[in-house]
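Let me begin by handing over the structure; questions about it come next.
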Ligand SMILES: [Zn+2]
């Protein structure tokens with residue numbers, strides 16, 4: 001019999017185990033062919049942005065407290081830029097006018113970042129030449145006079161130089177060639193705008209607008225941000241292309257790309273009568289390449305406009321400039337690497353940055369996930385929008401990040417740490433999980449609210465959390481702490497036991513364990529719980545926040561089976577396991593002193609027969625645990641708090657199945673029963689005898705002292721005994737509640 005049971009148990013275990021694997025990888029049941037490998041483009045983007053070691057030096061200067069306080073003495077309002085790249089010797093000639101407002105009284109000198117490779121020819125404003133002191137990448141400009149807080153000023157820097165040599169891939173401004181034709185292109189994020197132009201090179205100070213004039217040879221085309229408002233031929237073999245943007249822009253998004261582009265224009269129709277141009281600049285030799293995926297852009301813009309808000313730069317344009325090296329979301333003019341990044345997921349990703357990164361920009365690089373995590377999640381949102389929810393889950397599955405490290409970047413000393421794949425993939429998972437926690441309707445409302453609240457400005461992780469909490473009316477601190485500042489992910493095991501209940505439905509006993517050994521040791525997460533019925537499934541949720549946790553779900557319909565998080569809304573490992581034996585009653589009923597008590601421990605699983613024993617601790621005096629039933633009962637006059645541990649063992653297989661639980665109970669105050677001096681639940685002559693025995697013969701005190709003070713004189717003495725006898729035998733006045741303390 002025993003053998004047969006064991007074999008059955010093993011068989012059941014094996015069958016269920018195979019089901020459990022199906023649940024773990026449920027999204028793989030429908031094999032989805034995206035036509036590309038999701039996540040590969042972000043891996044490439046991250047690798048390229050993370051490549052520079054040279055930028056580390058620049059950053060260290062930025063983070064010096066004196067540098068930061070110096071650079072924040074003014075707010076930039078406008079950049080007016082003239083650039084003339086010289087391909088013959090890879091030199092950039094520039095003239096940059098900065099309009100700004102003083103942030104403090106008595107400002108007479110300002111700091112601008114500019115790499116030492118750049119040589120300052122002169123600095124001036126309307127009053128004449130200004131003294132410019134350029135050393136170690138820091139350019140100090142003495143203003144023409146003292147400016148007070150709130151006062152506006154401007155100055156112009158004329159400079160030239162060879163950008164510092166780039167490493168591995170690309171850094172700052174790079175002169176290369178394609179098909180024998182020269183090209184110059186930039187990548188400024190995070191610390192490299194200063195490598196080729198003088199600016200307040202921090203993400204948190206956006207200029208309100210910008211003008212960029214690019215002087216190039218005839219036959220060459222220079223692209224930048226905003227609208228091309230003029231293209232003037234100078235008649236000397238050069239022409240000036242003038243780009244203007246009247247939207248706020250941060251320095252790392254201001255761009256320059258020059259080569260022999262050909263262009264074609266597509267349109268995003270945002271109303272029946274209005275459209276916005278999408279201008280694509282491509283290398284002539286790539287113009288007809290069928291692999292270029294730019295045609296997806298209008299559809300992608302409308303997807304994100306529907307999800308979040310209208311394309312944020314609608315009065316100007318969107319566009320792409322094909323480049324040699326990388327993909328980058330330069331505002332209204334995304335750069336795409338022609339080798340492998342003119343692909344759909346990259347185009348969608350860089351476009352999404354125009355909401356998350358360009359409209360709302362991370363305040364500092366510690367919060368880069370607000371750019372890259374969001375941009376990456378938008379790839380999945382795009383495929384969900386056009387193909388359905390199974391594409392969302394399939395996409396997310398491909399970009400699971402299961403390694404250590406925090407999403408919040410504590411060390412921003414190098415691009416490598418800022419632009420690790422964690423910022424992209426796990427950052428995307430943080431948003432995805434948040435959506436799972438608060439639900440679609442709240443999530444997308446909150447995203448719209450976030451876009452509105454921080455439009456054309458900057459935000460921190462705390463700002464985003466605050467919006468999510470305000471809109472959801474939930475305290476989400478646990479979530480942001482564990483997923484932004486904690487590492488790794490939970491590893492769940494779950495098991496369940498279902499039985500019929502009296503209402504024709506099911507009582508489901510669910511047990512969830514977290515078995516990971518990484519920190520945080522305990523993840524707090526709501527877990528979607530799918531209850532399979534004859535008619536389909538009902539989706540509910542449990543909140544899991546302990547290493548081991550029991551749940552009892554009572555339904556009015558019959559439930560056949562259960563699956564936790566089958567769609568993978570959580571970054572986790574998860575497996576079903578056999579439900580062995582669990583004490584499912586987590587708390588005992590509250591007892592009261594001098595009142596009959598009875599409650600039962602409830603056990604599920606195993607063979608169904610259990611033995612109970614008090615393992616440790618102390619129950620109230622007078623209570624008894626019945627070994628065969630788990631019933632705890634008794635009558636106790638003991639006061640205080642009690643903690644005791646009970647073990648339940650399977651009656652048939654005690655060595656295989658057992659569980660322990662520690663209960664804590666506190667004796668509540670008794671109900672008033674004046675006159676019951678001996679607390680035997682009756683008021684009679686025995687109470688008078690008990691009282692006399694206590695007063696005169698050193699007998700035990702009344703268990704509930706004030707019950708014996710029947711005449712209410714705040715003392716227990718012979719008068720109380722006389723009072724009781726008078727009541728019991730002669731119909732005297734009834735006992736009253738005493739006041740003995
Ligand atoms: Zn990105």
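Within segment 327-340, can one find any residue that is within 16 Å of the ligand (Cβ to nearest atom), at pLDDT below 90, under 22 Å from residue 359 (Cα atoms) and surrounded by 21 or more Cβ atoms within 10 Å (Cβ to Cβ)?
Yes - at least one qualifying residue is present in segment 327-340.
Now, a different point. Which residue, of 376, 346, 361, is assigned to a strand (DSSP E or B) and within 14 Å of the ligand (Cβ to nearest atom)?
Result of the check over 376, 346, 361: 361.
Identify, from the list 315, 288, 306, the residue that is over 27 Å from the mean Cα position of the chain (by Cα) and under 26 Å from residue 270 (Cβ atoms).
Exactly one residue qualifies, and that residue is 315.
Step by step: first the residues of segment 386-397, then only those that are part of a helix (DSSP H, G or I) and surrounded by fewer than 18 Cβ atoms within 10 Å (Cβ to Cβ), then the one that is nearest to the ligand (Cβ to nearest atom). Which residue is that?
Taking the candidates together, the pick is 386.
Of the conditions (1) more than 30 Å from residue 718 (Cβ to Cβ); (2) free of Cβ contacts under 8 Å to residues at least 60 places away in the same chain, residue 690 fails just one. Which one is it?
(1)
Those residues that are modelled with pLDDT of 95 or more and part of a helix (DSSP H, G or I), I need them from segment 398-419; list them, please.
398
Separate question: Just the residues that are surrounded by fewer than 16 Cβ atoms within 10 Å (Cβ to Cβ), outside any loop (DSSP other than H, G, I, E, B) and modelled with pLDDT of 80 or more, please, taken from segment 36-69.
40, 43, 68, 69
Could you count how many residues in segment 517-533 are farther than 24 Å from residue 475 by Cβ and either modelled with pLDDT under 95 or under 21 Å from the mean Cα position of the chain (by Cα) (or both)?
1
Residue 422 passes all but one of (1) out of contact with any helix residue (DSSP H, G or I) (no Cβ under 8 Å at 6 or more places or on another chain); (2) modelled with pLDDT of 95 or more; (3) away from the ligand (no atom under 15 Å from the Cβ); which number fails?
Failing condition for residue 422: (3).
Within segment 237-277, can you find the residues that are under 26 Å from residue 415 (Cβ atoms) and in contact with a helix residue (DSSP H, G or I) (Cβ under 6 Å, 6 or more places away or on another chain)?
Selection gives 251, 252.
Follow-up. Could you say whether any residue in segment 640-663 is surrounded by 19 or more Cβ atoms within 10 Å (Cβ to Cβ) and either over 30 Å from residue 605 (Cβ atoms) or out of contact with any strand residue (DSSP E or B) (no Cβ under 9 Å at 6 or more places or on another chain) (or both)?
Looking for residues that are surrounded by 19 or more Cβ atoms within 10 Å (Cβ to Cβ) and either over 30 Å from residue 605 (Cβ atoms) or out of contact with any strand residue (DSSP E or B) (no Cβ under 9 Å at 6 or more places or on another chain) (or both), one finds none in segment 640-663, hence no.
Quick check on my filter: what residues within segment 602-618 are buried (at least 21 other Cβ atoms within 10 Å of the Cβ) and part of a loop (DSSP other than H, G, I, E, B)?
Correct list: 606 only.
Yes or no, residue by residue, for (1) assigned to a strand (DSSP E or B); (2) in contact with a helix residue (DSSP H, G or I) (Cβ under 7 Å, 6 or more places away or on another chain); (3) not assigned by TED's automatic domain parsing to the domain that holds residue 364:
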position: 134; (1), (2), (3): yes, no, no
position: 143; (1), (2), (3): yes, no, no
position: 165; (1), (2), (3): no, no, no
position: 173; (1), (2), (3): yes, yes, no
position: 184; (1), (2), (3): yes, no, no
position: 190; (1), (2), (3): no, yes, no
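Kindly provide the set of residues from segment 219-230 that are closer than 20 Å to residue 80 by Cα and outside any strand (DSSP E or B), ordered by number.
224, 225, 226
Taking residue 617 as the residue in question, decide whether it is under 27 Å from residue 499 (Cβ atoms) and out of contact with any helix residue (DSSP H, G or I) (no Cβ under 6 Å at 6 or more places or on another chain).
Spelling it out, it is not the case that residue 617 is under 27 Å from residue 499 (Cβ atoms) and out of contact with any helix residue (DSSP H, G or I) (no Cβ under 6 Å at 6 or more places or on another chain).
Which condition number does residue 156 fail, the rest of (1) at pLDDT 95 or above; (2) part of a strand (DSSP E or B); (3) within 29 Å of residue 262 (Cα to Cα) being met?
The one condition residue 156 does not meet is (3).
Answer yes or no as to whether residue 684 is within 30 Å of residue 618 (Cα to Cα) and in contact (Cβ under 8 Å) with a residue 12 or more places away in the chain.
The answer is no for residue 684.
Going through segment 681-690 one residue at a time, which ones are assigned to a loop (DSSP other than H, G, I, E, B) and either touching a helix residue (DSSP H, G or I) at 6+ places or on another chain (Cβ under 7 Å) or at pLDDT below 90 (or both)?
681, 684 - these are the residues of segment 681-690 that are assigned to a loop (DSSP other than H, G, I, E, B) and either touching a helix residue (DSSP H, G or I) at 6+ places or on another chain (Cβ under 7 Å) or at pLDDT below 90 (or both).
Can you find a residue that is surrounded by 14 or more Cβ atoms within 10 Å (Cβ to Cβ), modelled with pLDDT of 60 or more, under 33 Å from the mean Cα position of the chain (by Cα) and not assigned by TED's automatic domain parsing to the domain that holds residue 561 anywhere in segment 28-35?
There is at least one residue in segment 28-35 that is surrounded by 14 or more Cβ atoms within 10 Å (Cβ to Cβ), modelled with pLDDT of 60 or more, under 33 Å from the mean Cα position of the chain (by Cα) and not assigned by TED's automatic domain parsing to the domain that holds residue 561.
If you scan segment 709-741, which residues turn out to be surrounded by 12 or more Cβ atoms within 10 Å (Cβ to Cβ) and in contact (Cβ under 8 Å) with a residue 40 or more places away in the chain?
720, 724, 725, 727, 728, 735, 736, 737, 738
The values are calculated or read from the model by the stated rules, or taken from the named source; none is laboratory data. Everything numeric in this text was worked out from a predicted model, so none of it was measured. When we count neighbours, we look across all protein chains shown, and the Cβ atoms used for this are built from the backbone with ideal geometry, even at glycine.
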